Amino acid sequence: MSVMQDCGSIVAINHTAERRYTRTVYRCAYNYKRGGTICSNNLEVSQDILDSAILHAMTEVLDQRVLEASVTVALERIRNGREKFPEQRLVFKRELSMIETRLHHLVEAIASG
């Protein structure tokens, strides 16, 4: 069996040390699940280190205007969700009332035979 040239996707793996300390690493899915004969890439990268590097790279790429626009859009979505929530609550109350009425009728029907 030959070693594949392409690696699989990256998966997060939890390692538990002797003192029950758990750390998460990223590694090749092919190597982890299928072994070294399928993929020889057994490199592991700490989740903390890789996540930090990715976030750092992203902040270097994104300029202040993009970040401000993103925050503005996110806040608008949150505010719109809050405005819709009271309407949704009324809908749920009505549905609950209808279900309770149906349940009451079913109990009466069962009790009366």
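The values are calculated or read from the model by the stated rules, or taken from the named source; none is laboratory data. These figures come from a predicted structure and were not determined experimentally. All Cβ positions, glycine included, derive from the backbone under ideal geometry; neighbour counts span all protein chains shown.
Scanning the range 23-45 for residues that are surrounded by 13 or more Cβ atoms within 10 Å (Cβ to Cβ) and polar (S, T, N, Q), we see that the one that is farthest from the chain's Cα centre (by Cα) is Ser40. The listed residues are Arg27, Arg19, Arg23, and the only one of them that is at pLDDT below 85 and either assigned to a strand (DSSP E or B) or not assigned by TED's automatic domain parsing to the domain that holds Ser70 (or both) turns out to be Arg19.
Yes or no, residue by residue, for (1) of a type in the set (Gly, Ala, Ser); (2) assigned to a helix (DSSP H, G or I); (3) farther than 30 Å from Ala12 by Cβ; (4) free of Cβ contacts under 8 Å to residues at least 40 places away in the same chain:
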{"site": "Ser52", "(1), (2), (3), (4)": "yes, yes, no, yes"}
{"site": "Thr59", "(1), (2), (3), (4)": "no, yes, no, yes"}
{"site": "Arg65", "(1), (2), (3), (4)": "no, yes, yes, yes"}
{"site": "Ala69", "(1), (2), (3), (4)": "yes, yes, yes, yes"}
{"site": "Arg77", "(1), (2), (3), (4)": "no, yes, no, yes"}
{"site": "Gln88", "(1), (2), (3), (4)": "no, yes, yes, yes"}
{"site": "Phe92", "(1), (2), (3), (4)": "no, yes, yes, yes"}
{"site": "His104", "(1), (2), (3), (4)": "no, yes, yes, yes"}
{"site": "Ile110", "(1), (2), (3), (4)": "no, yes, yes, yes"}
